[in-house]
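Worksheet: one structure, shown below.
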Amino acid sequence: GMWSELIQMLRHRDVMESCCIELIAAATGGLFATFIILTAMELPGLTAQDGVNVLLFQGTVVMLTLVAGGKFLSGLRKNIAYGVGATTGVLSLLIIGMAGSFLSLVIGAMLLSFATGCVHVVNVMMLSKLPGDKSKISGLYGLCAMLGGTAGAVIGSVMTKFMTVQFVFLAWIPVLVFAGIAVFLLVRFKTYNSIYTSG
């Protein structure tokens, strides 16, 4: 059945790692998309339109990263690319969480765009090298991205009950770090199939 196929796919190390990383990246992106406009509205002198502009800028930079930087990023070793993406992502959250101007929001958004693009390129390259039915892998990958985006928005909404909207970005840093460490340990110490098979 469907669940057995999903479990079978996730028994491959590369599939598990890339899907988990994509879920984390999508959750961070979902958090950003949900709260960046509200964050801009809370800053002195900024409006909702400024938040929309930051959001549009972030989307544009993601596309530029994928198109212009795809070849360069695909040449990086997987662990290095993930490390660069994670470090840049944490830095972007720190900047947005402490931002006091439109420029600082834009810089934070630009760094987050690069981090997202970096992770996405590596994941796509890794999954494209797997044998078998790519449509099933792509479906699982897309599912993880959707779940991640929704989770980021929902968890962020819960967090706003206990802190300001802007502080949510700072509070997300330990969540991101913990999730990254959890994936690293999961991939490093769990036994996986050495060969991916697709039914």
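For region 132-164, the candidate set comprises residues that are part of a helix (DSSP H, G or I) and polar (S, T, N, Q); within that set, the residue that is surrounded by the fewest Cβ atoms within 10 Å (Cβ to Cβ) is Ser135.
The condition of being farther than 30 Å from Glu5 by Cβ, without any contact (Cβ under 8 Å) to a residue 60 or more places away in the chain and part of a helix (DSSP H, G or I) holds for only one of Phe167, Phe114, that being Phe114.
The residue pairs whose first member lies in region 134-146 and is among the β-branched types (Val, Ile, Thr), whose second member is at pLDDT 80 or above and part of a helix (DSSP H, G or I), and whose beta carbons are closer than 7 Å, counting only pairs six or more residues apart or on different chains, are Ile137/Val15. Any residue in region 41-57 that is surrounded by 20 or more Cβ atoms within 10 Å (Cβ to Cβ) and among the hydroxyl-bearing types (Ser, Thr, Tyr)? No. Within region 96-118, does at least one residue satisfy the condition of being over 23 Å from Leu56 (Cα atoms) and either modelled with pLDDT under 80 or hydrophobic (A, V, I, L, M, F, W, C) (or both)? So far as region 96-118 goes, no, none of its residues is over 23 Å from Leu56 (Cα atoms) and either modelled with pLDDT under 80 or hydrophobic (A, V, I, L, M, F, W, C) (or both). Selection of region 107-131 for residues being over 17 Å from Val67 (Cα atoms) and surrounded by 19 or more Cβ atoms within 10 Å (Cβ to Cβ) yields Gly108, Ala109, Leu127.
Screening Ser92 with (1) of a type in the set (Ser, Thr, Tyr); (2) without any contact (Cβ under 8 Å) to a residue 60 or more places away in the chain; (3) closer than 19 Å to Val67 by Cα gives one miss only, at (3).
The values are calculated or read from the model by the stated rules, or taken from the named source; none is laboratory data. These numbers were taken from a predicted model, which means no experiment stands behind them. Glycine gets a Cβ as well: all are built from the backbone with ideal geometry, and neighbour counts include every protein chain shown.
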